[in-house]
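Quick one: this structure, given as structure tokens, is what I'll be asking you about.
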Amino acid sequence: MFGLASFDLVMRLIWQTTLALVAIGLVLMSGLVLRRLLEEWWDARHRPAREALRKSLLLSLNQSAAAPPAVPRGLPVAETARLVDELAQIVRGDARTRLAAFAVEAGIERHWLQRLRSRLTAYRFDAARCLALLDTERSRAALAACLEQGPPRLKLAAAEALAQDAVQAAALAARFAAEPAAHGRHANRFWHRIATVAPDALVGWLEDPNLPTALAIRLVEALGDAGHSAAANRIEALVGFHGDELDRAALAALDRLKHPLVMRAARSLATAKEPDSRRAALAVLARRARPRDIEIVQALAGDPISDIGEAASAILARLAPRAAPGVEPA
């Protein structure tokens, strides 16, 4: 009897637990649906005013003598801030300066500064990113305070926003180069900003034989993304000395730069022990290989890993006719 009672109790607990989990799932799904409906309602309600402001702003930004538009009545400051953030991604030069002035006049700076003090890390991170548009004393002071406290990603976002000129960017890069938090992939935006503003500082660091490999990868990727072709020689010199991951990063950066040295790096990685490095080399050879590369491709065609061998054979079939005597390359 005791065994049957225990079994009945266990089955009852399983049934009750299942019902509880189903109920929780339904509540969560209902909450997500309700949130989506509220977002759509909010967007539809403010879309006409936001689009009207967008047109007025674009018109004033394209005409240096035009007065900044007034914010439509009833449009929340958060919606105006979202619009300004969108436009900040596409405008440059004087138009960006005028957009920043409008943001200050419209109270958007105050909105972002309030979010920078929020307890929600996501709000603070987003506000720090948005404040990069502005260059006022209030915004600089608030961002500088973030450098001294808060999680690492917030510090990086604040540093990215403060890197307005080459001197500031170089100083911030030197400060964060010693922090392990700046060596991960989440620091890519920060290093890309530095590579855009002060690329020579990063190129100089690549000459340091004691530079951590993880940081070297971030710098190489940033210089490649920023299109700094002057760094190509220094990037290519890293191949073969600091590990396969950095080798592949250097190859990808040279490929993005469309620099002739990419072929020398690809030929070097074609004989690497790491299969991923050989695959990376093949990706470059597939687009850039010339008849002089036939021997390298033939060696790859015999690779014990099937996908590498097949890819190399396809390249070989393309190169062979061009290498035949008397045949001019297309």
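Could you tell me which of T80, A100, A122 has its Cα farthest along the dipole of segment 53-162 towards the positive end, charges placed at Cβ (Lys, Arg +1; Asp, Glu -1), taken about the Cα centre?
A122
Which number comes out as Rg/Rh for segment 17-173 once both Rg and the Kirkwood Rh are worked out on C-alpha atoms?
1.08
Moving on. Residues of segment 215-233 with the amide nitrogen closer than 20 Å to a label point 7 Å from the Cα of D208, along Cα-to-Cβ, please.
Of the residues in segment 215-233, 215-224, 231-233 have backbone N under 20 Å from the label point off D208.
Whole-Hz Karplus ³J(HN,Hα) for segment 245-257, in order, using 6.51 cos²θ - 1.76 cosθ + 1.60 and θ = phi - 60°, x for Gly and Pro?
5, 5, 4, 5, 5, 5, 4, 5, 5, 5, 5, 5, 6
The list (1) 61, 53, 50; (2) 90, 76, 43; (3) 66, 37, 35 gives values of Cα extents along the principal axes in Å, and only one came from this structure; which label was calculated from it?
Checking each listed value against the structure points to (2).
If I stretch the segment between W15 and A70 completely, what's the gain in nm (0.36 nm per residue apart, minus their alpha carbon distance), one decimal?
Working: separation 55, 0.36 × 55 = 19.80 nm, distance 6.07 nm.
That works out to 13.7 nm of additional length.
Moving on to the next point. For the pair F241 and S306, what calculated FRET efficiency results from E = 1/(1 + (r/R0)^6), where r is the Cβ-Cβ distance and R0 = 45 Å, to the nearest 0.05? Before the final figure, lay out each step's value.
Working: r = 30 Å, r/R0 = 0.67.
Calculated value: 0.90.
If amide H atoms are built 1.01 Å from N in the plane of the peptide, which residues on other chains or at least 5 residues away come under 5 Å of the amide H of D303?
Placed amide hydrogens put G309 under 5 Å from D303.
Which residue fluctuates the most in the chain, going by a Gaussian network model with Cα springs under 10 Å, if the choices are L211, L19, L133?
Among L211, L19, L133, the largest mean-square fluctuation in the Gaussian network model of the chain belongs to L19.
Measure off, as a whole percent, the carbon and sulfur share of the 1.4 Å-probe accessible area of the chain, all protein chains present. Mind dumping the intermediate values first?
Numbers: 10960 of 18690 Å².
Summing carbon and sulfur atoms, their accessible area is 59 percent of the total for the chain.
May I ask you to evaluate 6.51 cos²θ - 1.76 cosθ + 1.60, the Karplus curve with θ = phi - 60°, for each residue of segment 101-107 and list the ³J(HN,Hα) values in order in whole Hz, giving x for glycine and proline?
Going residue by residue, I get 5, 4, 4, 5, 5, 7, x Hz, with x marking Gly and Pro.
Show me, bin by bin at 5 Å from 0, the whole-percent P(r) of segment 211-305 based on Cα pairs.
3, 15, 28, 23, 19, 8, 5, 1
Okay, moving on. With the crude spin-label approximation of a point 7 Å out along Cα→Cβ, what separation in nm comes out for Q149 versus T196?
Result: 3.0 nm between the two label points.
Run the quick spin-label model on W41 and Q63: label points 7 Å from Cα toward the beta carbon, then report their separation in nm to one decimal.
Placing both labels 7 Å beyond Cα along the Cβ direction yields 3.9 nm.
Something else about it: Please compute the per residue accessible area over segment 1-123 with all protein chains in place, 1.4 Å probe, rounded to a whole number of Å². Kindly include the intermediate steps, with their values, before the conclusion.
Details: 8880 Å² over 123 residues.
Here the per-residue accessible area is 72 Å².
Let me ask you something else. Sticking with the crude label model, points 7 Å out along Cα→Cβ, report the distance from A299 to V104 in nm, one decimal please.
For the pair A299/V104, the computed spacing is 6.1 nm.
The values are calculated or read from the model by the stated rules, or taken from the named source; none is laboratory data. Since we're looking at a predicted model, the values are computed, not measured. Neighbour counts run over all protein chains shown; Cβ positions are idealised from the backbone, glycine included. Keep in mind that these areas ignore ligands, DNA and RNA; they rest on the heavy atoms of the full protein, side chains included. Shrake-Rupley method; radii C 1.70, N 1.55, O 1.52, S 1.80 Å.
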